[in-house]
Amino acid sequence: MSAPSDPPYWRDRPPPTDLERLGAERYLSLTTVQRDGVPVSTPVRVVRDGDRLLVRTGADTGEVERIRQAGRVTVTPCDFRGQPKRGRPLDLADPVANAALATPIEVTARLLPDADEPRLRILLAEKYRLSFRVTSAVETVLRLVGRRPPDRKVAVELRLTGPAA
């Protein structure tokens, strides 16, 4: 008789916190609520900075105005088009764990001062590397040839509000 095999190494680790999971995602669907109660979702790039998440968006967008008004938003892992992701199992052999969509997580959003935006730009460039640089270069070229007006970016801080925070 052979000895029972040890469980895989990841079963000994504690499960990741919501902050760790969300910070590891490439995109989050940031859902704000209009005054009439209609939810509006926007896919944004995310980076973790200590015990908070940071995203960058246009200063003239609707979500910035809704964050100023309410400050309560939900985030969900998504792809670059904003489609919600499926849950990601730790054990890839478990097909049941991959069946459900990722659940939205409530967070508190706060607009950061303009002085924090360059730091966020650096953090995003470190995480997204080539894709961030290419996107920034395309935006710059479009502005230079007059196909796109110069837009100001704003940094948004997201903090988890629930018991998992």
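I'd like to check something: does region 134-145 contain any residue that is at negative phi, surrounded by 15 or more Cβ atoms within 10 Å (Cβ to Cβ), in contact with a helix residue (DSSP H, G or I) (Cβ under 9 Å, 6 or more places away or on another chain) and part of a helix (DSSP H, G or I)? The answer is no; no qualifying residue exists. Note on region 127-151: residues that are under 20 Å from the mean Cα position of the chain (by Cα) and touching a residue at least 24 places away in the same chain (Cβ under 8 Å) total 3. Exactly one residue among Arg86, Arg45, Arg56 is of a type outside the set (A, V, I, L, M) and either surrounded by fewer than 14 Cβ atoms within 10 Å (Cβ to Cβ) or at pLDDT 95 or above (or both), and that residue is Arg86. Name the residue that is modelled with the highest pLDDT, counting only residues in region 109-164 that are hydrophobic (A, V, I, L, M, F, W, C), farther than 15 Å from Asp49 by Cβ and touching a Ser or Thr at 6+ places or on another chain (Cβ under 9 Å). Restricting to residues being hydrophobic (A, V, I, L, M, F, W, C), farther than 15 Å from Asp49 by Cβ and touching a Ser or Thr at 6+ places or on another chain (Cβ under 9 Å), the top hit is Val154. Looking across Pro113, Pro150, one residue alone is within 26 Å of Asp18 (Cα to Cα) and surrounded by fewer than 11 Cβ atoms within 10 Å (Cβ to Cβ). It is Pro113.
When Glu157 is tested against (1) part of a helix (DSSP H, G or I); (2) closer than 22 Å to Leu30 by Cβ; (3) in contact with a Lys or Arg (Cβ under 9 Å, 6 or more places away or on another chain), only condition (1) is not met.
The values are calculated or read from the model by the stated rules, or taken from the named source; none is laboratory data. As the structure is a prediction and not an experimental result, all values here were calculated from the model. We place every Cβ from the backbone using ideal geometry, glycine too, and count neighbours over all the protein chains shown.
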